[in-house]
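Everything on this sheet refers to the single structure shown next.
Here, each number is a calculation from the coordinates, and none is a lab measurement. Computed from a prediction, not measured in an experiment: that's the story for all the values here. Using ideal geometry, Cβ is built from the backbone for each residue, glycine included, and neighbour counts are taken over all protein chains shown.
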Amino acid sequence: MLHCSRALVIAALLSAGVGCDSGRHSTAGFRLPADGNPERGRQAFSDLGCPACHRVVALDLPSPTVQPPVPVVLGGEVDRKLSDAYFVTSLLSPSHQLALYPKEQIATHGVSRMPTYTDKMSARQMVDLVAFLQSRYIERPSLPTYNYR
């Protein structure tokens with residue numbers, strides 16, 4: 001009987017974990033509205049001055065002008081899609097998790113050179129900007145795994 005109840009508890013926990021997937025590359029439960037518009041997001045990217053610091057892969061925008069240059073290039077191939085939560089956190093709290101570049105190129109005294117956008121954008125701009133950024137990343141196909149015996 002004890003064995004049966006353990007199996008039921010484990011099955012319940014596993015099914016609860018599977019049910020937490022909320023889409024948009026996130027299993028953490030954070031999700032923006034699905035009506036984000038990448039074209040409006042591209043406009044918000046320009047309106048907020050993002051091209052002054054960031055280049056976007058395969059997109060014809062004016063070259064960044066900030067000095068010293070910021071090495072963080074947006075878009076391109078990734079091993080796994082980035083979550084909405086990652087993008088929102090990067091915009092609202094850029095120092096939370098600094099990109100994997102030499103720290104002196106992206107931070108001053110441990111604080112990101114990127115300003116916070118908490119008071120600089122509307123919720124609509126945030127949703128659209130994240131949709132735009134999501135559209136610029138391509139998930140790299142994973143290599144097949146082989147089991148050798």
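At-a-glance table
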read-out	value
Radius 10 Å from Cβ of ARG124, net charge of other residues (Lys, Arg +1; Asp, Glu -1)	-1
Inter-site label distance for HIS96 and ASN147 at 7 Å from Cα along Cβ, in nm	3.8
Spin-label pair ALA52/ASP35, simplified geometry with 7 Å Cα→Cβ offset, distance in nm	3.1
